[in-house]
Amino acid sequence: MPIPLVNSIASWFLKKRFHQIDLFLKYPNEVQNELLLSLLDFAKNTEFGKTYDFASIKDYKTFAERIPINNYDVWQDDIERARSGENNIFWPTPIKWFAKSSGTTRAKSKFIPVSPESLEDCHYAASKDLLCMYLNNNEDSQLFTGKSLRLGGSKELYKENGTIYGDLSAILIDNMPFWAEFSSTPSSKVSLMSDWEYKMQAIVDETINENVTSLAGVPSWMLVLLNNVLETTGKKSLLDVWPNLEVYFHGGVSFTPYVDQYKKILPKNNFKYYEIYNASEGFFAIQDQNNSSELLLMLDYGIFYEFIPMDIYASSKEKAIPLSEVKLNQNYAVIITTNAGLWRYKIGDTVRFTSLNPYRIKVSGRTKHHINVFGEELIIENAEDALKKVCKRTKAEIVDYTAAPIFMKGREKGAHEWLIEFKTPPKDLNYFNELFDNALKALNSDYEAKRYNNLTLNKPKIHIARERLFYDWLKQNNKLGGQHKIPRLSNTRDYMDDLLSLNS
């Protein structure tokens with residue numbers, strides 16, 4: 001079949017999904033309520049369903065009153081039973097797959113259940129919807145005339161007691177439908193290599209002669225790969241390697257610190273960047289407009305959403321609200337109930353709504369990754385917006401960063417300590433710091449109040465990290481790969497002190 005015809009057929013097939021998307025755009029709360037009742041009915045005969053009498057729950061109010069909000073530590077014992085081969089604990093369908101991710105206070109690693117329903121109706125459905133959104137907005141796209149270069153954090157899969165665990169990307173690749181394998185590069189064999197550094201070069205070698213039309217992966221690790229492509233080929237622009245490249249689908253970490261570096265190696269005015277919001281627990285939101293960082297919350301993937309306002313999170317007043325009660329521009333912790341048997345589960349992310357019709361969000365940070373030692377409530381979104389403004393002003397470029405508090409000692413006031421690896425450092429670090437401090441004040445009134453006349457906080461302290469510091473730290477801790485991210489903000493000094501000890 002001629003390639004242009006394949007492109008046309010694939011585009012037509014994906015766009016057929018739009019009438020279903022239109023349904024939850026018009027009736028979002030009705031779709032969510034119906035979904036909740038469907039999940040409860042499906043799981044009513046599980047252990048969890050019988051414990052909380054799912055069969056008698058007929059509305060959200062009863063659901064919220066009866067079932068407690070939990071995190072992984074509460075679920076861990078039941079998940080371990082499921083990993084040992086027990087069925088019908090929290091979900092009626094046997095769960096074979098578990099996505100391994102970073103740990104909690106009780107466990108070194110988390111093992112998130114991935115049911116057949118969540119694979120098909122959430123993760124894979126979202127992959128198709130992402131293409132659907134993009135093609136609907138770009139009628140002249142030639143996406144399917146070439147291949148998508150995918151970069152996951154894939155490692156080998158491990159079998160125990162009849163169940164399998166590994167990185168989510170490895171699970172998705174192992175279960176990938178034939179059409180996705182046909183349209184992707186590198187091969188599954190290369191994608192699933194366990195040695196990250198060896199795999200990076202193998203990906204370069206396998207893809208540089210392909211007709212790559214799109215990229216997909218975490219911005220930080222994708223940038224490492226793309227720079228390796230340029231180094232291997234001797235080219236200055238990726239368009240000299242892949243002239244038909246038209247879009248980069250990215251997620252996992254904020255794109256803000258990397259956008260200028262991407263624009264340098266992809267010097268094409270109409271090149272598209274599309275953001276996604278997914279995790280081991282599910283696929284949540286997709287950018288549905290060109291040139292927008294807002295993400296459309298996807299409401300029919302088998303995930304029921306609740307939200308806790310961050311001003312009462314982890315307090316005696318903590319209470320979740322349904323989607324119908326959220327307000328614009330407030331930070332919320334995300335709570336999910338899913339078609340893999342997670343019930344009122346805290347995923348650890350925070351979002352704010354930028355639109356209520358339809359429901360669009362921006363990911364603002366993590367419930368644990370912020371600095372609030374002095375009442376300053378500094379979140380990742382504040383930090384990255386400030387860094388972007390200051391880098392533009394000083395013509396600096398950032399590779400990675402982390403920040404932690406300097407605690408008060410005696411009469412000494414506190415401060416924030418920043419460790420930043422620059423690709424292009426500022427000519428005057430003191431001037432950079434002054435601009436950065438002022439930008440944070442402008443973005444965050446709580447920070448500004450604590451900095452007023454050095455009342456509680458002194459000026460930030462910035463260190464320049466040596467080249468490859470963060471990469472070496474990840475390698476030392478066996479965390480190379482797309483699943484792993486640099487901890488941006490922390491209320492403790494654990495990460496900072498460890499990194500500073502390596503910064504020589």
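How high is the FRET efficiency from ASP472 to THR492, r the C-beta distance, R0 22 Å, rounded to 0.05? Efficiency computed from Cβ-Cβ geometry: 0.55. Derived scalar couplings between HN and Hα for region 412-417 equal 6, 7, x, 6, 10, 10 Hz in order, rounded to whole Hz, by the Karplus curve 6.51 cos²θ - 1.76 cosθ + 1.60 (θ = phi - 60°), x for Gly and Pro. Remark: the LYS392-ASN357 segment gains 9.3 nm on full extension, using 0.36 nm per residue and subtracting the alpha carbon distance. In this simple spin-label approximation, LEU157 and LEU23 carry label points 7 Å from Cα along the Cα→Cβ vector, and these lie 3.0 nm apart.
When each of the peptides 113-122, 347-356 is scored by how many other beta carbons lie within 10 Å of its residues on average, the order from highest to lowest is 113-122, 347-356. Extent along the principal axes, Cα only, for the chain: 62, 62, 45 Å, with the longest axis given first. For the chain, DSSP calls about 65 percent of its internal beta bridges antiparallel. Arranged from fewest to most other beta-carbon atoms within 10 Å of their beta carbon, LYS264, LYS110 become LYS264, LYS110.
Over region 40-124, the alpha carbon radius of gyration divided by the compact-protein estimate 2.2 N^0.38 Å works out to 1.15. Kirkwood Rh, Cα Rg: Rg to Rh for region 159-317? Answer for region 159-317: 1.01. Between GLU318 and SER237, the FRET efficiency estimated from the beta carbon spacing at R0 = 56 angstrom works out to 0.65. The Kirkwood hydrodynamic radius of region 370-502, based on inverse pair distances between different Cα atoms, is 15.2 Å.
Here the peptides 365-376, 246-257, 442-453 are ranked by packing, the mean other Cβ count within 10 Å, and the order with the highest first is 246-257, 365-376, 442-453. Packing order of peptides 94-101, 418-425, highest average first: 94-101, 418-425 (average count of other Cβ atoms within 10 Å over each peptide's residues). Scalar couplings 3J(HN,Hα) for region 216-226, obtained by applying the Karplus form with A = 6.51, B = -1.76, C = 1.60 to θ = phi - 60°, are 8, x, 6, x, 5, 6, 4, 5, 4, 4, 5 Hz; x denotes Gly and Pro. Rounded to the nearest 20, the Cβ-based charge dipole of the chain about its Cα centre (Lys and Arg +1, Asp and Glu -1) stands at 1020 debye.
Remark: region 346-434 carries a charge dipole of roughly 220 debye about the Cα centre, counting +1 on each Lys and Arg Cβ and -1 on each Asp and Glu Cβ. Taking a cut-off of 17 Å between Cα atoms, list the aspartates and glutamates near LYS441, but don't count ones fewer than 8 places away on the same chain. Within reach: GLU376, GLU377, GLU381, GLU384, ASP385, GLU417. For the pair ASP311 and ILE208 in one chain, pulling the backbone fully straight at 0.36 nm per residue adds 32.2 nm over the alpha carbon distance. Backbone amide hydrogens, once placed in the peptide plane, bring GLU397 within less than 5 Å of LYS423, THR424, excluding anything fewer than 5 places away on its chain. Of the trypsin sites (Lys or Arg not before Pro) in region 293-350, the ones in a loop by DSSP (not H, G, I, E or B) with at most 15 other beta carbons within 10 Å are LYS317, LYS319, LYS327.
Every number in this text was worked out from the coordinates using simple rules, so none of it is lab data. Values in this document were obtained by computation on a predicted structure and should not be read as measured data. Cβ coordinates were reconstructed from backbone atoms using ideal geometry, including for glycine residues, and neighbour counts include every protein chain displayed.
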